[in-house]
1. List every DSSP H helix in the chain whose Cα atoms extend 18 Å or more along the helix's own long axis and whose mean Kyte-Doolittle hydropathy is at least -1.0.
2. Which loop-located GluC sites (Glu not before Pro) does the range 204-303 contain, where loop means any DSSP state but H, G, I, E or B and the Cβ has at most 14 other Cβ atoms within 10 Å?
3. With no solvent and one equal point scatterer per Cα, compute the Debye intensity ratio I(q)/I(0) for the chain at 0.06, 0.07 Å⁻¹ and report its log10, rounded to two decimals.
4. What percent of all Cα-Cα pairs in the range 116-189 falls into each 10 Å bin, going from 0 up to the bin containing the maximum distance?
5. Once you keep just the Cα pairs under 8 angstrom separated by 6 or more residues, what percentage relative contact order results for the chain?
6. Where both partners of a DSSP beta bridge lie in the chain, what percent of those bridges are antiparallel, to the nearest 5?
7. Would you mind checking the radius of gyration and Dmax of the range 126-254 based on alpha-carbon positions, in Å?
8. Considering only DSSP states other than H, G, I, E and B, which GluC sites (Glu not before Pro) in the range 1-103 qualify as loop sites with at most 13 other Cβ atoms within 10 Å?
Amino acid sequence: MNPNKALKTNFYQRLRKNSVKILEISKRFQFLSSKYEKYKDFLDTSFEKRLVGGEFNSRLTELYFIEALVESGLHIQHKGDCGPDIWINDISGWGEFVAATELPERQLRGKPFEVRNVDLDEPLVRISSVLSTKSKKLKMDITKGIVKADEPIVLFVSTRQLRDPYPMNPEGQLSSFARAVFPLNKPTLTFYPDSHSSSWSYEFDPGLKKNETTKIENNYFISKDNSHISAVVFSYSSIFDEYFSPNHNAKSGDDFVVIHNPRASNPITSGLFICSEEYECSYDGNVLSITNVKTISDESNDK
């Protein structure tokens, strides 16, 4: 089967199930097909087979990440189907793409316009699971010699398929994605009436609430077991955002939240990726510092 044919067959079947009109499906497919043709040289040869399977949306995630890297001006290369997804010449290292998905029992979404309580830990638990699985897979790639021990690895995680894919963070504060890799509690806002001011704080609290009795570890960047991961890049956007908002000036990757691993064996420099937030993280003794260097850079440019 021709990959473009597989793309078209699966795309039409999925949208017809959602009662989308044929003409609209055709327009969307033309948009998607142009993206595929532009970036297909960066995709695995198994892309076709995985389209036919149950990973259709996850494969579109790969297209989005690849486009974002190209638009960042980075030089990327597909080195083969074994090992991580993409080689990034600018860091002499690898990029691995993955999409966080809901558990089967949580895949049923609420009714349109239905009001429901949002549990911020729920998407982070799914992200934490994906991070753990990918870390083990990439460590095996190092053991097998597919990836060299001195080559950086950046993990790109899409949250688009989660019920609550967007980071919840007050302006100027840490992205909630930071709680997927650091054992931080939910932020607390403290008011100081006398000085007419306020501040946010985060307490150390290992574990994300999976249910009323169980917590999942979120010490990803505290544990040395993940030192082979140089940084994690979170994204909540889709390859179709440009189609549905043609007049929007955002580029692919503008939604990226980049978090550097303070224990990385092969750290990478800041400022490589288009992004909305980028956190440099470091240890000074037993003190962990997390700084949004994107905010600092933006403030400097405004002066």
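1. Numbers: long enough: 3-17 (21 Å, -1.51); 22-39 (25 Å, -0.53); 56-71 (23 Å, 0.39); 121-143 (33 Å, -0.27).
Passing helices, by number: 22-39, 56-71, 121-143.
2. Numbers: sites: Glu212, Glu217, Glu242, Glu277, Glu278, Glu280, Glu299; in loops: Glu212, Glu217.
When the GluC sites (Glu not before Pro) of the range 204-303 are filtered for loop state and at most 14 Cβ neighbours within 10 Å, Glu212, Glu217 remain.
3. Listed by q, the Debye log ratios stand at -0.21, -0.29.
4. Pair shares across the bins are 16, 41, 27, 13, 2.
5. 16
6. Values: 23 of 37 bridges.
Looking only at bridges with both residues in the chain, the antiparallel portion is about 60 percent.
7. Every Cα atom of the range 126-254 included, Rg and Dmax give 18.0, 61 Å.
8. Numbers: sites: Glu24, Glu37, Glu48, Glu55, Glu62, Glu67, Glu71, Glu96, Glu102; in loops: Glu55, Glu102.
Sites meeting the loop and neighbour criteria: none at all.
The values are calculated or read from the model by the stated rules, or taken from the named source; none is laboratory data. Every value quoted in this text rests on a predicted model; they were computed, and no experiment measured them. In this analysis, Cβ positions are derived from the backbone assuming ideal geometry, glycine residues included, and neighbour counts consider all displayed protein chains. With ligands, DNA and RNA removed, areas are computed over all heavy atoms of the protein, side chains included. Shrake-Rupley method; radii C 1.70, N 1.55, O 1.52, S 1.80 Å.
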